[in-house]
Structures are given as structure tokens and as C-alpha cells.
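Student: Okay, handing you the structure first.
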Number of protein chains: 4
Amino acid sequence: MKKHYEVIVVGGGIIGTSIAYHLAKAGKKTAVFESGEVGKKATHAAAGMLGAHAECDKPGTFFQFARASQQVYQQLTIELKNNSGIDIRRHDGGILKIAFTESDRERLMRMAALDSAEWLTAEQVVDMEPDVTKDIIGANFIADDVHVEPIAVCKAFAKGARLFGADIFEYTPVIAIDTDSGVQIQTALGTVEAEHIVIACGVWSGPFFKQLGINKSFYPVKGECLSVWNDRIPLVRTLYHDHCYIVPRHNGKLIIGATMKPKNWDERPELGGIKAIIEKAKTMIPEIDKLKIDRCWAGLRPATVDGNPYIGHHPINNRILFAAGHFRNGILLAPATGEMIRDLIIGQPVKPAWIEAFKLERTEVVIE
Amino acid sequence: MKKHYEVIVVGGGIIGTSIAYHLAKAGKKTAVFESGEVGKKATHAAAGMLGAHAECDKPGTFFQFARASQQVYQQLTIELKNNSGIDIRRHDGGILKIAFTESDRERLMRMAALDSAEWLTAEQVVDMEPDVTKDIIGANFIADDVHVEPIAVCKAFAKGARLFGADIFEYTPVIAIDTDSGVQIQTALGTVEAEHIVIACGVWSGPFFKQLGINKSFYPVKGECLSVWNDRIPLVRTLYHDHCYIVPRHNGKLIIGATMKPKNWDERPELGGIKAIIEKAKTMIPEIDKLKIDRCWAGLRPATVDGNPYIGHHPINNRILFAAGHFRNGILLAPATGEMIRDLIIGQPVKPAWIEAFKLERTEVVIE
Amino acid sequence: MKKHYEVIVVGGGIIGTSIAYHLAKAGKKTAVFESGEVGKKATHAAAGMLGAHAECDKPGTFFQFARASQQVYQQLTIELKNNSGIDIRRHDGGILKIAFTESDRERLMRMAALDSAEWLTAEQVVDMEPDVTKDIIGANFIADDVHVEPIAVCKAFAKGARLFGADIFEYTPVIAIDTDSGVQIQTALGTVEAEHIVIACGVWSGPFFKQLGINKSFYPVKGECLSVWNDRIPLVRTLYHDHCYIVPRHNGKLIIGATMKPKNWDERPELGGIKAIIEKAKTMIPEIDKLKIDRCWAGLRPATVDGNPYIGHHPINNRILFAAGHFRNGILLAPATGEMIRDLIIGQPVKPAWIEAFKLERTEVVIE
Amino acid sequence: MKKHYEVIVVGGGIIGTSIAYHLAKAGKKTAVFESGEVGKKATHAAAGMLGAHAECDKPGTFFQFARASQQVYQQLTIELKNNSGIDIRRHDGGILKIAFTESDRERLMRMAALDSAEWLTAEQVVDMEPDVTKDIIGANFIADDVHVEPIAVCKAFAKGARLFGADIFEYTPVIAIDTDSGVQIQTALGTVEAEHIVIACGVWSGPFFKQLGINKSFYPVKGECLSVWNDRIPLVRTLYHDHCYIVPRHNGKLIIGATMKPKNWDERPELGGIKAIIEKAKTMIPEIDKLKIDRCWAGLRPATVDGNPYIGHHPINNRILFAAGHFRNGILLAPATGEMIRDLIIGQPVKPAWIEAFKLERTEVVIE
């Protein structure tokens, strides 16, 4: 194994592999160290909605960043296929954010300022998607909130990075990070040094933050999901209500998720969680309980105190960067995060508002 | 392939393989023809309770037959291990038939005449099984209603039969049965004749009955099940209420089942069915929804008009026999069915009451 | 269940569902009867190469039919996505038919007459695909021989047919076909009659041919396959030599197949077969043995005496049609077969050469 | 979560759970911290041979320890079933260590001094196991080298420990161990202190050794395995030659393994490894290549410099203990290791020879 890289990325999920892809493509000699398999943790569990709007209900820096990342995805579909041979399975239907009650509608209406959302009446919704329950009072339709297949994106980033010269070390946990003279990591394969190290391992970033003197806590919000074979429902658009969703994939499956279980680190789906999401899905599509189950799984979203990710330099040591805490938005934000970290490392300009919003030394307001 | 056998068995589920095992052991040159894989249909889906009492609430011929079969299992555990190398995973905990209401209790009390059932108060039950809900008013405990692993029993019968000289043809559907001169079957491997043919393919026996001039209809009652990893609940006894059960396996899993969906031929579990059994299980063990899901499946129980299986000779052609329609009791009744068919073929005495109860030309009373 | 359809299709593999799709789209009230799950037999096992050239080495009617079907696939990619929501995963790399020896080259040269094949030197091949072994002496490159994901095509046909009004009955074997007065089938769901019945169940069509008075035998040629995760080899084109292939999928897997085991009906992969295809793959890409195995499987190709499928009317009863025996070419020929059967039923013109080549009453020359 | 335990065990494989079981049973308040799932790493991958002789070819301390552990297993079979409800699937057939050549025989003859091994001629072997190749010249038969199902043993230890009051924290990696004042660990769930900490995480123990000032390196020896369905071969005894084996399980499967790939940390089976073990198995049982493949996997054996595990106290800090580096013998040695660590902690006597042989500060001789 080489003993020196320009950049070491700690974590081989969609954030880490996006960073590696963008750096390797820019000519940087990059290595990813992943404790298990590329994309097999939170990435694998995600539904892949590029929900810039689904997750925000007001304009602002986070929304701008999310929209920018969404737009990067447009070019990535073709670029990644060319560079890696992997199709990220982009699906263009958009999202219907359903309202069952007036209070649902009011909440959705806050989004009305955004020109990318369109309010539809119940009739319009049922006309577009005849299997949706008649119990709704309307929906916000967001055409731009498409979806992709997260594991495909991640594998494409990883293989693309490799073909641009990066090394991807799977089953190679980073045991410690030393910053005494230069920066280097310890692994079972030996010690490796680098110009820059990027911490990008989701909810498992906590210990590295601590080792590096950063007092930020991450906590997991476990989400349980399942998929069914959809051989009959002509659903084109993702349905979304109250953090739950039904996503129609191009492979003929529906992805249904997800529960929200804070501080539960166990990555296996529980009986109670599976029951809860079946019940929730049935409120959106009554006929869904006839569909055949494919499989169940769970994953851990990396939550931060204020709900925003940490993306940026170590406050003191410029050779260390962070890209973690993307909560429900890791898939959506991976491209913009990869570009931002690349630009910080190679010295390209980055929007000051983004640096401010995501820097580690920001003042954080606890969200409910 | 040989062109002649003493006995051909149509169907490689637990009934067909038990018959083949008992005949091969008795020296008969036997062949099993199975359209798919041995034990992969209803056998595979069953929980394996040897519930002579769970399925009957009064003494009678069926109960006697069930008890006899249960007793054969005692010797089979060792015999099959010796003859096939396969352990059928007998589990001796017994069954608790739970009562939530007075009407539950009354129904269970009909069983009181049987000396093998014992009424327990709620306190006694919770003392034995502390994770059972406090909402019960008592339970019938039946120590003899143990359980086994159905696919293991079936594979053991099949391998044992093979080692006694039988041939097992998997992926070889029987296309037609000819009875013009002698009896023979047509398969993709050619025509094969025999002294006797036994129809033993569960709910898929219908067409063969019809071809052979027997006007009996079978219908499936689909059951959906799931299993969970039980790493913490010290459950020793099977719990049972209203056709649903929680079975503690020796491999550390709980088997939870089952729905009852008559005339549904689809062997895949549906979302609605999975939800229903999770809900039901939670009424019996409230903490069960913390357990991690292992997998889901479904199977088809072969139902008959009067609820009893058909076991016996063709009314006219003595060379043809039937062993099908065991409904929820296939695993329980497989050994006694195998012995009975063997005895009918080799000319050993069979209890007249059993012949009467299960013969094809009986008068059937439709059950609700 | 309805008791009457315009067309009944027996078999829910890629041939049966293509026929149903094309008929339903043309307005015919159609039903498919499938004994198990749609696409779970030979379709599921196929690699999906649209190898009009890979399977033929000379021009002729079969080649013309294959090329026509290949061209239908071009429009189907978009059409099926629109009509079913399912992406058939078309992959445009083409096929490299590798020559290791002079005799390989001579055989490939017979294809030279076709303007769609291009001979490449070893240097050219390795330049295009650097991981291919240096032991080759050249390859025929056929850009048009792309590949698709067979199960996706089949599910898209089935769902598309359903959304055009067809009924798809899974887990519903056809027990018998009656032609005494009109045509009708018997199933566990009852008797169903139709204007036309199409037999399209691959190697399992034999018994129906026989029932209908047609003396044609089918036999299976079992093929064992496996897939690996390709995280590093930048393979774009399918490699092919001596009936074995390595197919790069857009999901980042390589499909490797396949053995040829005539008259083996067992659909499970055997140890010996898996070893054989690993060895074969290694002769094409030496580094392939470092890749991680994904899974193994097997399927049965429906072979006929002369290597051509039967597509056409019953010689006497015009209401019965056949579409079976596509051997290694089921995925490739499914669209053209679906169109041809549709045209025969609705009375559109069909190329006389195709009718001649595939009719049941042709003179068959046994192939080696 | 509690903040204090008497003993913390780091690692939830078979070594860690055995230690926890023995301590909890002895009344110690114990917690296990496992970074993933109990038993899902090397334990899960092992074949489960209790091969005291298979791994040693001469008497000595290691052999004595192995024999002692083997004997503990005898009582554990019943004890664990009673205490956890889990059956460890003991299989009593013994091992045949096959000789193909004179040099094989000579190596096996070194074992002749042991009264528990018995030399058999080729004829005797084939008489016992008719499917073994005729190419052998004899075999050593060791009746005591039975096998168990490793994951079952580990789950039984874990559940048993839990029911004796231990806590098992899955998905809870230990981030750091502090020894400044008392001993404590850091985890995502917070800081936990204890009287004693035991490091028992196999090849992943290295970083903890280093943190605790112990300069011992571990390295993995990756082993690839597969299983097949054995529906016909009446194999009773495990076959063994040159580190490869065929183990007949009571569930009707054969386990076939294993490759030896030092310093390969990737836990996924590779194509080349699977091919190698199929070839090797075929040399022992020629007919094995007809069997149907079940699945493939891989695992990492934790190797040490001199081939012996480290079991004992930290040289300086008496509150820290180690139990790691069991190489190919983890399943075999788990019970004796659990007892030895328990005795060291509760102050029971331990054989001085064992303490000497396995202590950390021993003089190590590098093995080939």
C-alpha cells in the first residue's frame, strides 16, 4: 500500500465517495478508507429522493445548497454512466406532498413562496395518481424532487474515483488520526499520511470529531423501510406525508419508509417499525396492502444539533476537513458536498453563505 | 431412468416423502415425482407444531389419528437422524392455548375431557412465561403438542428414502396418469409404470383427482408467516390463540403465523397479511415488536370440504391411492399417513375407523 | 374471475408477457395464466444479450427475424418505461466475440458477410478493453448486440399489459385445454374460454403440444450462471467465446455464464457447473477471480429438434397458436414473437418467410 | 444505560460471548460491547469443527487446552439449551484426516502417540464412507473431533448471558479505553466503567492492544467457504486434508472450506477462492460436483505470530485482560477460554501451564 496521498477520505458512504470522485477527477491523488463495504450503511438504506423541497419548508441557505446539489445530479446521471459504467437510476416523476388536514395544508403552504412547488386539489391529485386515497384535501407537487438509487450513485462515485486513480480501501477502518506533524491515519494496513484528511463517515464521525478536539455530538435517527413488488399500481410520483413516503422505482418496486427512532443505533428492522410503515403507507394508497413484500431494512441517519451538516475546515488545522451530519439529506447533498470539499481543498472559490452555514464553529440552535 | 417401480408417489412434500420413506424402508421399490423441489411448498411454510390438540377441540377419530402420528414422531427423531443424518429439530415445550375472554375459555374447556390438556390460570401462565401479556384469563397447556422443523422432517424422509433405495425425481412434474392397462404416469423424462400410484401433492392434487374420476375439490387457505430473532425473550412454550401462534425454535428464532385467506393461490406474503400477524403477535407478547425481523413467507394449506384429509384407495381402482387435503395438519399427520398408506399397499392391517374417516367415498359435511 | 377472454396466453415468461402486451395494446381482451411467478423461470436466468449475431453465424431467416426483434427493442425501451414505469436497463456496449485460435477465427469469419460485424485485431481489442486476456488473436465486434435486463423486460411487459386491460393470473397453472367446442382451459380458478389460446411456456410447453395432438418434443438445456460485483474493471462490452459470456450490467455487476447441460431439468446450480464457468471466465479476463461473488443460479433453455422456435398456428385448429422453443434466444426474440403472434391473431400481414421458418408443420433437420 | 459493570467484554463473537456467559453465570455483572451483531464476523464464517487433533499434530499445552475445551462442550450442549433455549447442533461423527501420499501419512503419524487417533486403511475408510475417493492411502480417524454450529453456540452464549443478567450492546463499538483512573470505555452511548475489561474481538483486537501499550500484531487469514445441499451422500464423518474440509451438518448441508489468504481483510468471497475450494472438495468426494450450491461466504481468522492465542492479564494493569488471536480454533477454544478468563477474574485457580502458554509477555517463536 502507498504511504502517502494528497487526500485521505475517512468513510465510503455516498458523501465520502462523492468527495473522492470529485477530487480524483480534479487530479488529486485520493484514498478512501471504509471500515466495511462501500455504501452499505446509511446510503444503502436511503430511498434516494432528491427532495430539496421535501425536507425544507422555507427558502434559505440550506435550500439553496440543496437546489444546487439537485442540479449537479442532472449532469451526473450521464457523467457517472460514462465514467463508471453504472446507471444511477434517475426517476423523474417528482413528489406529491400530501395534505390530509388543514394544518397539513398550512404547513405545505409555507412552501408556496417557492416557484418550484405547485398546489394541487384533491381532484387533480387523484386524476394524476388514481390509487391515492380519496381522503386527502390536496397536495404540493414538486416536479424537481426526483429520485435516484442511492447505492448505485455511491458505487458509481467509488468506481469512477478508482478509474480516475483513487484507491478505495474497503474493510479498512481508520483506527486513529495523528496530527502532531502533518496529518496521518493508522489502519490495519499501516500508517498513511496525506496533505488533507476529510472526515465523512456519517453518524460514526463522532469519535473522529472528538479525537480532533471538536466537541460536536452526532446521534442516529434510525429509519425502517421496506419494499414491495408493484405489479399493478400505475404510480409515477413519489408520495410524501409526515416523513413517510412511497417511492416508485424504475425496477418495478415501491420503496416505503420510514420510521424515525432517535438514538437507536441498531441497524436491523424491528417488528413494530415494519408494522408502523405498513399502516402509514395504507393511509396514502389503500390498495397497497395487496402488494407482495420484497424485503425490509433499516439505516441510521446522522443527526446534528441544529439539523445542518458540518461541511468545512477544522477551526484550527487547515489540513483537516469535515463532511458529516447530513441527516435525511445525504443522497441529495452528496454532489454539492463533494464539490464544496474539493473546492476547499484545491482552493477554488466556495459561496461564503455555504461556508458560514455549514462551518463547525457556527452557533447552533437546537431544533425540535 | 427406470421404467417400472412398485410404487410411484406423486408429490414430494412432507406427505409424499413420508409415504416414500415408509415404503422404501419396507422394501418397496419406490419413486417420488415432484414438480419442483422437495418440501418447498406448503411444507416449507409450516410452523411445525405437532398440535394434535391445537387443531381439535374434541375426541374422535381425527384426534386419535393425530395422537398416533404424534407418537410416531417420538421414535422418528432418532430414526431419521440415523437413517438420513438429518435432525428434525424436535422442541419439547408444549403449547399454551391462551384465553383472553370467557368465550375463549369455554371453547378451550371442551378440551377438558382430554387428559392431556391442563387448564392454567393467568398467574400460572405468566409464572411459566413471564413475557406473555397480562391480559389473558388463563390457558390450556398441552405438553404433548411439541414442534419440529418441517423442512428438516421432509428432507430427512426424502434422503432416508433415497438411502433405502427410493428414487426422488425433483423438477419432474407428472403430466398425466394413465390407468387403461395397469397404471403409469407421463413425465418429461418419459413414461413410468408401477403397481401402485399414490397422489400426495396437497392442494395441487385436484387435477389428478379429476383425471382419475374423483369429484373432490381442494381449495387453498393461504397463510402468511414471519420469523424474528429472539435474543432476549425466554419463551419455552408455543403460544396459540385464534389460529395464530408464536413458536420458539431451538435456533433462536420465533416463528409467527398465520393468516387464513381461503382460495388465494398466490404463495407470496402480502403487506396486509404481514401487518395482521404482527398485530396479533403483539396481543400475545407485548414486547415482541422490539425483536428484529428475519424473513416473511406464505404457503397454501390444502383444505377439503369437511376438513378431513383423503387417505385411502380409489373407490374402484385398487392400484391408486390418495393422501391429500391435510389442511393445517400436514406436518402432524405425515408419519401416520405414511404408515397408513404403506400398510394399505403392503397389506398390513389398518384401523377400520381410520379407513372410514378418511376414505374418499365418505359422506362429507361442510364445515364452517 | 371472468369466464371469457379474446385471447388466453399460457405462460408468463418473456414470450408470454410480450404476446399479452402486444395484444392488450392492440385492444384485445387478454389473460395470461402462469403457474408460478411472472418471469421467474428461464427469463429470470437469462443474461439478456440481444445477440442476433452472437447466436447466428450466417444470414438467413432466423437472422432476419432476430435483427427485426433487436430493432423493436430500440423503441421498447422508452415505450415500456412510459407504459409500465419500468426501465428495461438497455446497455449499449455491444459484443466482442473473441477468438483464441485460428479455428475460432475461421468460425467468426463466416459472419464477415454481415455488415454489422467488424473484425478487430488483438491489439485493437485490448486497447478497447484493457482487462481482456492477451491470449486472444482477435475478435468480432458487433455494436448492435446490446443487452437488457430480462426480468425487467418481462415485468414491464406484464405490468404494461395489465395497465392496457389484460389480466395476469400468477400461481394459476393451466391444467387442461379443451378444444371440443370452442377453446377453453381448466384452472384451479375454474374454466375459462377464449377465441384464441397461445401456448407460450418454454420447455414446459411439451405436454400442451401433446394434448393438442402435436408431436414435438422439447428438451431443456440447463445453463448455470453467476454474478460478481465489478468495482474495478472498466469493461464496457460483453465478451463472448464458445457459448460463454461476461456481460457488464449498468448496476455494476458482471453476469457470467453459462453451462450447457442438455436434458437436465433441475433448476439449481451445481458445484461442478459453477466451477466450470469461473474457469471459463478467467480465460477471458484473468483478473476476474479477484472479484466478489454476488450469487449463482440456473435456468432451462427450451431446445427444439432443429434449433428454431415454433411460432404459428396449430396445423388444423386456427384458434390455437404456439410460441415456444426459443432456446438461447428468448429474450432477443420476445418482441418480434409478440408482434408476430399479435398479427396472426388480429389478421395483420406477417412475412411469409417467418411463417414458413417457424411453423409447426415444417420439415425439421436435427442439429448437432 | 448503566454506567458501571463488574466486567466489560469488548467483542461479541464466540470468545466474547463465552466469557460473558461464564461470568454472568458466576454472578458477575457483565456487559458485552459489540460493534455490529453478535457472532456475525469470524464466528459466523467458521465450520465449527471441535478439532483438537485436526489442528495439532503433537501433544503439548495447546493440545491439552484444546482437549479440555472439547470436553466442556459435552456439558454445554444441554446446559445452553436449558439456559438459552438454543441448540448448538452438536454432531458426533468425528473427523477423518485423509492421506493421499506417503508424506501425508507421515505427518498424520506424528499424531499416533495420541490414544484418541486411530489409523485406518483406505479400505476401512471407504467402507465407512463409500463416497470418499479411492485415491487415498488411509486416514486418521479421531472420534472426539465432533462439530457444532458456531453461530448457534454464540447466540446461545449471548442469550444465556443475558438471561443471567448480562447486558449485550450490539451496534455499539468501543471507541476508546481509558485506564488513567480505574478502567472505562467510551462508546456512542456514553462512558462506562468497570472493575475489569476483557479485550476479545479477534483480529480487530489490534488497536486495543496498541492503545493499552501492548505491542502485538494480529493479522487476518481470510478463509472462503461454501455450503451445498446434500440430498444423497450418506457422509457421517468430517473429511479433512491440507486445511480443507467437508463437514456434514445435521440440517442436510455440507460445509466446504476453506482457503487461507493471509493479510486479506476483505470479508467477501472471491471467485478464485470459490473455485479453489470446489476443486479441493472434488479431490475428496468425486461426486460432490453434482450437489446444489447453497451459499458462499468468507471470514477472517485472527492469526498471531506464534500461532497461540493471547489469554491472560495485561502485564502491568491487572484490571485488563485479553482473549484474542485464536486463529482457526476460536470455536473449539471458546469454552475453555471463557472459563479461564472467568477464573482469572474471580480468583479461581487456573493451570499454570495455560497461563504460561497464553500470557502476553511470552517469548514468541514465529511459525511458518
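Student: If C:E224 satisfies all but one of (1) touching a Leu at 6+ places or on another chain (Cβ under 8 Å); (2) part of a strand (DSSP E or B), what's the number of the condition it fails?
Tutor: (1)
Student: Just a yes or no: is a residue in region C:72-90 among the β-branched types (V, I, T) and without any contact (Cβ under 8 Å) to a residue 12 or more places away in the chain?
Tutor: So far as region C:72-90 goes, yes, one or more of its residues are among the β-branched types (V, I, T) and without any contact (Cβ under 8 Å) to a residue 12 or more places away in the chain.
Student: Here are some residues: D:G325, D:G307. Which one is at pLDDT below 95 and in contact with a Phe, Trp or Tyr (Cβ under 8 Å, 6 or more places away or on another chain)?
Tutor: D:G307
Student: What number of residues in region D:234-261 are surrounded by fewer than 22 Cβ atoms within 10 Å (Cβ to Cβ), in a strand (DSSP E or B) and either at the interface with chain B (Cβ under 10 Å from one of its Cβ atoms) or in contact with a Phe, Trp or Tyr (Cβ under 6 Å, 6 or more places away or on another chain) (or both)?
Tutor: 1
Student: Would you mind stating whether B:E356 is modelled with pLDDT of 95 or more, within 30 Å of A:K222 (Cα to Cα) and surrounded by fewer than 18 Cβ atoms within 10 Å (Cβ to Cβ)?
Tutor: No, not satisfied.
Student: Here is a further query. Restricting to region C:120-147, and then to whatever is assigned to a helix (DSSP H, G or I) and charged (D, E, K, R), can you tell me which residue is nearest to the other protein chains (Cβ to nearest Cβ)?
Tutor: Among residues in region C:120-147 that are assigned to a helix (DSSP H, G or I) and charged (D, E, K, R), the one nearest to the other protein chains (Cβ to nearest Cβ) is C:D127.
Student: Across region D:210-221, what is the number of residues that are under 30 Å from D:E149 (Cβ atoms) and either more than 20 Å from the chain's Cα centre (by Cα) or facing another protein chain (nearest Cβ under 10 Å) (or both)?
Tutor: 3
Student: Looking at this structure, is A:E55 among the charged types (D, E, K, R) and at pLDDT below 95?
Tutor: yes
Student: For D:C201, state whether it is under 22 Å from the mean Cα position of the chain (by Cα), closer than 20 Å to D:K290 by Cα and surrounded by 20 or more Cβ atoms within 10 Å (Cβ to Cβ).
Tutor: Considered against the rule, which asks whether it is under 22 Å from the mean Cα position of the chain (by Cα), closer than 20 Å to D:K290 by Cα and surrounded by 20 or more Cβ atoms within 10 Å (Cβ to Cβ), D:C201 comes out as no.
Student: Does region A:283-293 hold any residues that are surrounded by 19 or more Cβ atoms within 10 Å (Cβ to Cβ) and either among the basic types (K, R) or part of a loop (DSSP other than H, G, I, E, B) (or both), and which are they?
Tutor: Listed by number, the residues that qualify are A:I285, A:L291, A:K292.
Student: For region A:135-163: of the residues being closer than 20 Å to A:D104 by Cα and of a type in the set (D, E, K, R), which is modelled with the lowest pLDDT?
Tutor: A:D145
Student: Test D:L291 against the criterion of being among the aliphatic types (A, V, I, L, M), without any contact (Cβ under 8 Å) to a residue 24 or more places away in the chain and within 8 Å of chain C (Cβ to nearest Cβ), and give yes or no.
Tutor: No: the conditions fail for D:L291.
Student: Could you tell me whether D:V236 is touching a residue at least 12 places away in the same chain (Cβ under 8 Å), among the β-branched types (V, I, T) and in contact with a strand residue (DSSP E or B) (Cβ under 6 Å, 6 or more places away or on another chain)?
Tutor: no
Student: Here's another thing I want to ask about it. Scan region C:130-150 residue by residue and report those that are charged (D, E, K, R) and within 27 Å of the chain's Cα centre (by Cα).
Tutor: C:D144, C:D145, C:E149
Student: May I ask you to list the residues in region A:198-221 that are touching a helix residue (DSSP H, G or I) at 6+ places or on another chain (Cβ under 8 Å), not aliphatic (A, V, I, L, M) and not in a helix (DSSP H, G or I)?
Tutor: Matches in region A:198-221: A:C201, A:N215, A:K216, A:S217, A:F218, A:Y219, A:P220.
Student: Also: Name the residue that is surrounded by the most Cβ atoms within 10 Å (Cβ to Cβ), counting only residues in region D:85-113 that are within 20 Å of the chain's Cα centre (by Cα) and outside any strand (DSSP E or B).
Tutor: Top of the filtered list is D:I86.
Student: Name, by its number, the condition in (1) part of a loop (DSSP other than H, G, I, E, B); (2) closer than 21 Å to A:G36 by Cα that does not hold for D:G273.
Tutor: Exception for D:G273: condition (1).
Student: Need the failing condition index for C:D180 against (1) in a strand (DSSP E or B); (2) over 30 Å from C:L76 (Cα atoms), just the number.
Tutor: (1)
Student: Report the residue count in region D:213-233 for those that are touching a strand residue (DSSP E or B) at 6+ places or on another chain (Cβ under 6 Å), buried (at least 19 other Cβ atoms within 10 Å of the Cβ) and of a type in the set (A, V, I, L, M, F, W, C).
Tutor: Total satisfying the criteria: 5.
Student: Give me the residue from region C:55-84 that is of a type in the set (K, R) and buried (at least 16 other Cβ atoms within 10 Å of the Cβ) and, out of that set, farthest from the other protein chains (Cβ to nearest Cβ).
Tutor: C:R67
Student: Now, a different point. Among the residues of region C:81-103, how many are over 17 Å from C:R237 (Cβ atoms) and in contact with a Lys or Arg (Cβ under 9 Å, 6 or more places away or on another chain)?
Tutor: Residues flagged as over 17 Å from C:R237 (Cβ atoms) and in contact with a Lys or Arg (Cβ under 9 Å, 6 or more places away or on another chain) within region C:81-103 amount to 6.
Student: Here is a further query. Tell me, yes or no, whether region B:312-319 has at least one residue that is under 23 Å from B:H147 (Cβ atoms) and touching a residue at least 40 places away in the same chain (Cβ under 8 Å).
Tutor: no
Student: Answer with yes or no whether A:V38 is in contact (Cβ under 8 Å) with a residue 24 or more places away in the chain, surrounded by 20 or more Cβ atoms within 10 Å (Cβ to Cβ) and within 14 Å of chain C (Cβ to nearest Cβ).
Tutor: Here the answer is yes, as A:V38 does meet what is asked.
Student: I would also like to ask the following. Name the residue that is farthest from the other protein chains (Cβ to nearest Cβ), counting only residues in region C:269-282 that are among the basic types (K, R) and crowded, with 19+ Cβ neighbours inside 10 Å.
Tutor: Step by step, filter region C:269-282, then rank; the result is C:K280.
Student: Next question, about the same structure. Taking the criterion of being hydrophobic (A, V, I, L, M, F, W, C), assigned to a helix (DSSP H, G or I) and within 10 Å of chain A (Cβ to nearest Cβ), would at least one residue in region B:295-313 satisfy it?
Tutor: Scanning region B:295-313 turns up no residue that is hydrophobic (A, V, I, L, M, F, W, C), assigned to a helix (DSSP H, G or I) and within 10 Å of chain A (Cβ to nearest Cβ).
Student: Next up: Any residue at all in region D:284-291 that's more than 25 Å from C:D294 (Cβ to Cβ), touching a His at 6+ places or on another chain (Cβ under 9 Å) and not assigned by TED's automatic domain parsing to the domain that holds D:L226?
Tutor: No, the conditions are met nowhere in region D:284-291.
Student: Please enumerate the residues belonging to region B:148-185 that are free of Cβ contacts under 8 Å to residues at least 40 places away in the same chain and within 14 Å of chain C (Cβ to nearest Cβ).
Tutor: Selection gives B:I175, B:A176, B:D178.
Student: Can you tell me which of (1) surrounded by fewer than 23 Cβ atoms within 10 Å (Cβ to Cβ); (2) under 23 Å from the mean Cα position of the chain (by Cα); (3) not acidic (D, E) is the one D:T191 doesn't meet?
Tutor: Condition not satisfied by D:T191: (2).
Student: May I ask you to list the residues in region D:311-335 that are over 23 Å from D:E193 (Cβ atoms) and crowded, with 24+ Cβ neighbours inside 10 Å?
Tutor: D:I311, D:G325, D:H326, D:N329, D:G330, D:I331, D:L332, D:L333, D:A334, D:P335
The values are calculated or read from the model by the stated rules, or taken from the named source; none is laboratory data. It should be emphasised that the depicted structure is a prediction, and the values quoted were computed from it without experimental measurement. Every residue, glycine among them, receives a Cβ derived from its backbone with ideal geometry; neighbour counts consider all protein chains shown.
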